[in-house]
1. Could you check how many residues of segment 9-32 are farther than 14 Å from residue 227 by Cβ and either away from ligand 1 (no atom under 16 Å from the Cβ) or touching a strand residue (DSSP E or B) at 6+ places or on another chain (Cβ under 8 Å) (or both)?
2. May I ask you to verify whether residue 53 is free of Cβ contacts under 8 Å to residues at least 24 places away in the same chain and aliphatic (A, V, I, L, M)?
3. Please verify whether residue 110 is in contact with a strand residue (DSSP E or B) (Cβ under 6 Å, 6 or more places away or on another chain), within 27 Å of residue 55 (Cα to Cα) and away from ligand 1 (no atom under 11 Å from the Cβ), treating the condition exactly as stated.
4. Evaluate the following for residue 150: is it in contact (Cβ under 8 Å) with a residue 12 or more places away in the chain and away from ligand 2 (no atom under 16 Å from the Cβ)?
5. I need a count of the residues in segment 183-195 that are more than 6 Å from ligand 1 (Cβ to nearest atom) and either within 26 Å of residue 66 (Cβ to Cβ) or surrounded by fewer than 21 Cβ atoms within 10 Å (Cβ to Cβ) (or both).
6. Among (1) within 26 Å of residue 9 (Cβ to Cβ); (2) buried (at least 20 other Cβ atoms within 10 Å of the Cβ), where does residue 170 come up short?
Amino acid sequence: MDVARGWVRECGSLCILTGAGVSAESGVPTFRGPEGLWKRRDPISLATPEAFAQDPKEVWEWYQWRRKKIRGCAPNAGHAAIAAVEGEKRDFLLVTQNVDGLHRAAGSRRVEEIHGSIWGIRCVGCGAERVERDDFPELPPRCGSCGGLLRPGVVWFGEMLPREASDAAMEMLSRCEVLIVAGTSAVVAPASGYAAAAKRHGARVIEVNPDETPVSGICDATFRGKSGEVLPALLG
Ligand code: BJW
Ligand code: ZN
């Protein structure tokens with residue numbers, strides 16, 4: 001731990017990649033793993049444009065259920081440690097796959113949400129976008145201006161990542177001295193390739209995860225613990 005703490009303290013350019021595990025201690029269910037079932041539904045079959053086209057009401061019921069659940073969750077010590085270290089670094093980027101908004105709630109500002117946000121809403125008809133934190137009285141919700149279907153502002157399987165967020169992440173991975181990969185199973189592309197990309201460019205890679213993942217083997221240090229406990233120790 002002392003060696004890895006030294007890498008983090010001494011680097012001028014730090015990138016942190018987070019996944020659902022970082023929000024687990026806040027009470028947000030993860031996608032995969034024994035606890036990773038959302039309302040006993042297979043999340044992977046619902047997080048697709050095909051599922052939405054086939055049954056928008058069912059997909060929306062799942063999102064409305066998750067939005068309710070996340071509304072009751074607060075950032076944990078891992079989110080707080082990430083927000084605090086940002087202020088100490090000249091060059092910093094938090095790249096998150098999480099759509100829950102808890103990093104911003106904890107005070108993170110230099111953050112790219114590469115899978116979008118569960119609070120963002122987009123009209124399939126006219127493309128209008130807005131932030132909506134309240135529940136919709138009727139599902140699926142419809143656009144006030146064009147009557148088109150509204151969809152959650154998240155990235156589903158088979159969809160491209162938001163261009164700016166993805167470009168910013170790739171640029172940072174090519175120049176950061178240290179990358180911390182926390183709370184992700186590292187199976188969903190393109191984020192699953194970020195550790196290797198940073199490593200190729202010479203960064204030290206540190207993993208924080210209770211379980212082994214496909215990227216564990218290329219990491220310079222691995223901490224097999226909960227991010228709410230390991231991150232404050234590593235970054236503090
Ligand atoms: C703790 C902890 C604690 C627990 N502390 N840790 C074949 C067909 C079609 C597409 C593809 C294909 N092959 C490949 C693809 C591409 C596809 C992909 O990767 N699929 C694989 C699954 C095979 N990717 C995409 O489609 C992406 N787009 C893309 O690549 O565009 C180009 C392209 C298009 C088409 C074809 C090919 C290329 C888009 C991916 C979008 C992912 N979207 C989701 C849903 C978001 C919306 C929503 O929230 O509803 O994003 S899926 C879901 O997985 C979510 C997550 O962000 C993402 C990653 O999951 P994450 O964060 O890693 O969570 P878990 O649950 O998997 O892991 C939790 C971890 O935490 C575990 O390791 C625990 O051990 C750990 N943990 N407690 C620390 N306390
Ligand atoms: Zn519209």
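Only the coordinates and a few stated rules stand behind these numbers; no lab work does. For clarity, every value in this text was computed on a predicted model and none was experimentally measured. Cβ sites come from the backbone with ideal geometry, for glycine too, and all protein chains shown count toward neighbours.
1. Residues flagged as farther than 14 Å from residue 227 by Cβ and either away from ligand 1 (no atom under 16 Å from the Cβ) or touching a strand residue (DSSP E or B) at 6+ places or on another chain (Cβ under 8 Å) (or both) within segment 9-32 amount to 9.
2. Values: free of Cβ contacts under 8 Å to residues at least 24 places away in the same chain: yes; aliphatic (A, V, I, L, M): yes.
So residue 53 passes the test.
3. Numbers: in contact with a strand residue (DSSP E or B) (Cβ under 6 Å, 6 or more places away or on another chain): yes; within 27 Å of residue 55 (Cα to Cα): no; away from ligand 1 (no atom under 11 Å from the Cβ): yes.
Considered against the rule, which asks whether it is in contact with a strand residue (DSSP E or B) (Cβ under 6 Å, 6 or more places away or on another chain), within 27 Å of residue 55 (Cα to Cα) and away from ligand 1 (no atom under 11 Å from the Cβ), residue 110 comes out as no.
4. Values: in contact (Cβ under 8 Å) with a residue 12 or more places away in the chain: yes; away from ligand 2 (no atom under 16 Å from the Cβ): no.
So residue 150 fails the test.
5. 5
6. Failing condition for residue 170: (2).
Here is a yes/no grid of residues against (1) closer than 19 Å to residue 19 by Cα; (2) of a type in the set (A, V, I, L, M); (3) in contact (Cβ under 8 Å) with a residue 12 or more places away in the chain:
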residue	(1), (2), (3)
114	yes, yes, yes
136	no, no, yes
155	yes, yes, yes
159	yes, no, yes
167	yes, no, no
174	no, no, yes
183	yes, no, yes
189	yes, yes, no
